[in-house]
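Asks: My structure is below; once you've seen it, I'll send some questions.
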Amino acid sequence: MTDRPHLAVLGAGPAGLAATAAAASHGVRVTLLDAATRAGGQFYRQPAAELRARRPQALHHQWRTWERLRDGLRAYVTVGAVRHLTDHHVWCVERRPSGGLTVHALLGPEQEDPVEMRADAVVLATGGYEKVLPFPGWTLPGVVTAGGAQAMLKGTLALSGRTAVVAGTGPLLLPVATGLAAAGVEVPALVESADPKAFVHRTRALAAQPGKVAEGARYAAQLLRHRVRLLARHTVVEAHGTDRVEAVTVAALDADGRVRPGTSRRIPCDTLAVGHGMLPHTDLAETLGCRLDGTDVHVDDEQRTDVPGVWAAGETTGIGGAALSLAEGHIAGRSAAARLHGTEPDPRAWAAAAKSRTRLREFFAALGTVYAPPAHWTEQITDDTVVCRCEEVTGGTVREAVAELGAGDVRTVKLLTRAGMGWCQGRVCGPAVAGLTGCGLTPSRRPFARPVPLGVLARAGEHEDQ
Ligand SMILES: Cc1cc2nc3c(=O)[nH]c(=O)nc-3n(C[C@H](O)[C@H](O)[C@H](O)COP(=O)(O)OP(=O)(O)OC[C@H]3O[C@@H](n4cnc5c(N)ncnc54)[C@H](O)[C@@H]3O)c2cc1C
């Protein structure tokens with residue numbers, strides 16, 4: 001078996017699982033690595049085995065697809081075609097001068113023990129993360145990200161609170177609001193800054209995806225059933241509380257995306273689940289020198305990056321949901337398998353996945369023009385609102401760096417104020433700092449995808465495993 005080409009797939013979400021199955025079924029030895037303790041990624045996040053959930057499917061959509069992915073992975077692992085390494089936090093992928101790549105990971109929940117692995121090629125399938133824009137009170141306990149509330153429910157079967165306002169923008173808010181409500185949380189409002197009327201101008205892209213339109217209709221019916229009030233063209237202005245969130249003030253937006261005076265209302269709650277869209281994880285691709293298109297890893301029709309031996313699939317190449325991730329993962333796995341065997345792949349082999357990819361990319365491009373934070377969201381950041389939570393840098397400090405010290409980009413603001421210099425390395429505050437600075441969000445070129453102990457760096461190269 002060891003003379004077979006070796007593909008490392010990084011990320012066991014829909015994209016990574018599809019890539020693994022496609023490559024393993026075409027004679028490639030696959031190692032699937034993921035930081036989580038169970039396969040599934042964000043969409044198919046599974047409860048910990050110790051919780052013995054009796055009906056985990058109650059928290060999921062498209063459970064049959066998950067069963068097919070899960071059973072396929074088990075079968076490949078059983079026959080030795082795939083090695084599945086959980087709790088492996090990949091911090092860097094390196095190109096070897098002699099060819100091939102080295103994957104560096106930290107093992108276990110403490111992330112201290114190093115693991116290094118050689119591979120002939122990699123598929124980057126590390127997904128995306130949520131964007132949250134600051135507003136007064138957003139650092140109060142009880143304010144969580146929308147996906148975080150969902151992840152807590154799916155992964156630990158725990159509720160983030162009893163009464164949750166779900167707010168921000170994006171399609172993710174729908175499963176979050178309906179999922180929390182179905183689990184017994186009172187959801188007094190779903191506060192969405194986008195205008196649903198904007199969908200009228202996107203009918204062609206919507207009509208091409210009747211399944212997605214039906215999914216949207218099901219969410220609308222569930223919101224009605226659970227008496228979740230949809231406040232469209234509204235935004236959260238402030239979260240209130242002393243030890244934790246006790247209420248939020250929301251307000252309507254005018255046609256320019258500004259808060260309409262006199263429309264504020266206060267909604268009591270113990271949780272605010274808030275998100276303003278998602279951003280792709282690109283750290284590993286950036287370290288490898290892969291080209292980015294804006295915030296997305298650039299790929300060709302075979303899901304190859306511009307770095308030889310490196311494929312990328314799923315939300316790391318652009319936000320587009322689980323079905324698109326599955327299609328891209330399948331194509332990446334088929335292409336990588338063919339090329340690792342030294343043959344030119346035949347795109348007809350993945351024609352169905354390519355068709356689905358085209359349609360879903362168009363659909364999500366259309367959604368991307370509808371769902372957006374309010375145009376003037378930075379006006380809601382008061383001077384004493386903390387923007388960078390790691391380094392406790394306020395909106396006023398960032399504004400001062402721009403207006404009085406001449407900073408015109410995120411990097412200069414960071415050097416002048418420390419915003420983005422802390423533990424998260426600007427992943428959370430980056431979009432807010434860019435917005436306040438009036439510049440675009442540029443790749444930060446972080447050397448590693450996560451913090452690495454110095455001792456591990458010093459011993460890099462000593463722990464290589466095939
Ligand atoms: C918090 C959250 C909750 C979400 N909930 C929903 C939902 O309920 N419904 C919905 O329709 N969509 C949801 N989404 C969107 C969802 O992520 C996508 O639709 C889909 O899961 C993308 O699939 P993917 O395979 O590209 O990435 P993901 O499913 O995100 O999988 C990526 C995998 O890579 C792993 N990974 C990342 N970085 C590393 C690293 N450095 N080392 C090792 N492993 C790594 C992660 O642990 C993860 O398992 C959610 C997204 C987020 C961020």
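The values are calculated or read from the model by the stated rules, or taken from the named source; none is laboratory data. Given the structure is predicted, the values throughout are model-derived calculations rather than measurements. Methodologically, a virtual Cβ is constructed for each residue, glycine included, from the backbone with ideal geometry; neighbour enumeration extends over all protein chains shown. Note: areas computed on protein heavy atoms with side chains; ligands, DNA, RNA excluded. Shrake-Rupley method; radii C 1.70, N 1.55, O 1.52, S 1.80 Å.
Asks: If P109 satisfies every condition in (1) open to solvent by 20 Å² or more (accessible area, probe 1.4 Å); (2) within 22 Å of the chain's Cα centre (by Cα); (3) in contact (Cβ under 8 Å) with a residue 40 or more places away in the chain but one, which is the exception?
Replies: (3)
Asks: Also, quick follow-up: I need every pair where a residue in the stretch 212-229 that is at pLDDT 90 or above has its Cβ under 7 Å from the Cβ of a residue that is of a type in the set (S, T, N, Q), sequence separation at least 6 or different chains.
Replies: So the pair list comes out as Y219/T178; Q222/T178; L223/T178; H226/T178.
Asks: Still on this structure: Filter the stretch 26-59 for residues that are farther than 28 Å from E130 by Cα and without any contact (Cβ under 8 Å) to a residue 12 or more places away in the chain; which is nearest to the ligand (Cβ to nearest atom)?
Replies: Here the residue is R54.
Asks: Shifting gears a bit: Before we move on, is F135 in contact with a helix residue (DSSP H, G or I) (Cβ under 9 Å, 6 or more places away or on another chain), open to solvent by 40 Å² or more (accessible area, probe 1.4 Å) and part of a loop (DSSP other than H, G, I, E, B)?
Replies: Details: in contact with a helix residue (DSSP H, G or I) (Cβ under 9 Å, 6 or more places away or on another chain): yes; open to solvent by 40 Å² or more (accessible area, probe 1.4 Å): no; part of a loop (DSSP other than H, G, I, E, B): yes.
In short, no.
Asks: Among the residues that make up the stretch 316-326, is at least one of them within 24 Å of F135 (Cβ to Cβ), within 16 Å of the ligand (Cβ to nearest atom), out of contact with any strand residue (DSSP E or B) (no Cβ under 6 Å at 6 or more places or on another chain) and hydrophobic (A, V, I, L, M, F, W, C)?
Replies: First pass over the stretch 316-326, keeping only residues within 24 Å of F135 (Cβ to Cβ): 319.
Remaining after also requiring within 16 Å of the ligand (Cβ to nearest atom): 319.
Checking the rest, the ones that are also out of contact with any strand residue (DSSP E or B) (no Cβ under 6 Å at 6 or more places or on another chain) come to none.
Looking through the stretch 316-326, none of the residues is within 24 Å of F135 (Cβ to Cβ), within 16 Å of the ligand (Cβ to nearest atom), out of contact with any strand residue (DSSP E or B) (no Cβ under 6 Å at 6 or more places or on another chain) and hydrophobic (A, V, I, L, M, F, W, C).
The rows are residues; the columns are (1) under 18 Å from the mean Cα position of the chain (by Cα); (2) closer than 26 Å to A48 by Cβ.
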{"site": "M152", "(1), (2)": "yes, yes"}
{"site": "L157", "(1), (2)": "no, yes"}
{"site": "A164", "(1), (2)": "no, yes"}
{"site": "G170", "(1), (2)": "yes, no"}
{"site": "T178", "(1), (2)": "no, yes"}
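Asks: V77 - would you say it is in contact (Cβ under 8 Å) with a residue 40 or more places away in the chain and among the aliphatic types (A, V, I, L, M)? Spell out how you get there, then give the answer.
Replies: On the way: in contact (Cβ under 8 Å) with a residue 40 or more places away in the chain: no; among the aliphatic types (A, V, I, L, M): yes.
So V77 fails the test.
Asks: Taking into account only those residues within the stretch 79-102 that are in a loop (DSSP other than H, G, I, E, B) and not polar (S, T, N, Q), which is nearest to the ligand (Cβ to nearest atom)? Even if it seems obvious, please write down each step before you answer.
Replies: In the first step, residues of the stretch 79-102 are kept if they are in a loop (DSSP other than H, G, I, E, B); the result is 79-81, 86-87, 96-100.
When the remaining residues are screened for being not polar (S, T, N, Q), the result is 79-81, 87, 96-97, 99-100.
On the way: V79: 23, G80: 22, A81: 20, D87: 9, R96: 19, P97: 24, G99: 23, G100: 19 Å.
Among those residues, the one meeting the criterion is D87.
Asks: Hey, another quick one. Just need a number here: residues in the stretch 146-168 that are surrounded by 23 or more Cβ atoms within 10 Å (Cβ to Cβ) and part of a strand (DSSP E or B).
Replies: Final tally of qualifying residues: 5.
Asks: Under the condition of being of a type outside the set (A, V, I, L, M) and farther than 18 Å from G294 by Cβ, which residue from the stretch 415-444 is surrounded by the most Cβ atoms within 10 Å (Cβ to Cβ)?
Replies: Quick first cut of the stretch 415-444, residues of a type outside the set (A, V, I, L, M) only: 417-418, 420, 422-427, 429-431, 435, 437-440, 442-444.
Next, from what is left, pick out any that are farther than 18 Å from G294 by Cβ: 417-418, 420, 422-425, 429.
Numbers: T417: 22, R418: 15, G420: 26, G422: 16, W423: 11, C424: 17, Q425: 20, C429: 29.
Once the filter is applied, the top-ranked residue is C429.
Asks: Okay, moving on. State whether the residues of the stretch 445-464 include one that is at pLDDT below 95, more than 30 Å from R118 (Cβ to Cβ) and assigned to a helix (DSSP H, G or I).
Replies: Among the residues of the stretch 445-464, not one is at pLDDT below 95, more than 30 Å from R118 (Cβ to Cβ) and assigned to a helix (DSSP H, G or I), which makes the answer no.
Asks: Please state which one of A273, A251 is of a type outside the set (D, E, K, R), under 17 Å from the mean Cα position of the chain (by Cα) and more than 25 Å from W66 (Cα to Cα). Give the derivation first.
Replies: Numbers: A251 fails: under 17 Å from the mean Cα position of the chain (by Cα).
Of the residues listed, the single one that is of a type outside the set (D, E, K, R), under 17 Å from the mean Cα position of the chain (by Cα) and more than 25 Å from W66 (Cα to Cα) is A273.
Asks: Something else about it: May I ask you to list the residues in the stretch 1-36 that are out of contact with any helix residue (DSSP H, G or I) (no Cβ under 7 Å at 6 or more places or on another chain), closer than 21 Å to R64 by Cα and of a type in the set (S, T, Y)?
Replies: S25
Asks: Out of everything in the stretch 355-374 that is at pLDDT 90 or above and assigned to a loop (DSSP other than H, G, I, E, B), what residue ends up being nearest to A194 (Cα to Cα)?
Replies: Y371
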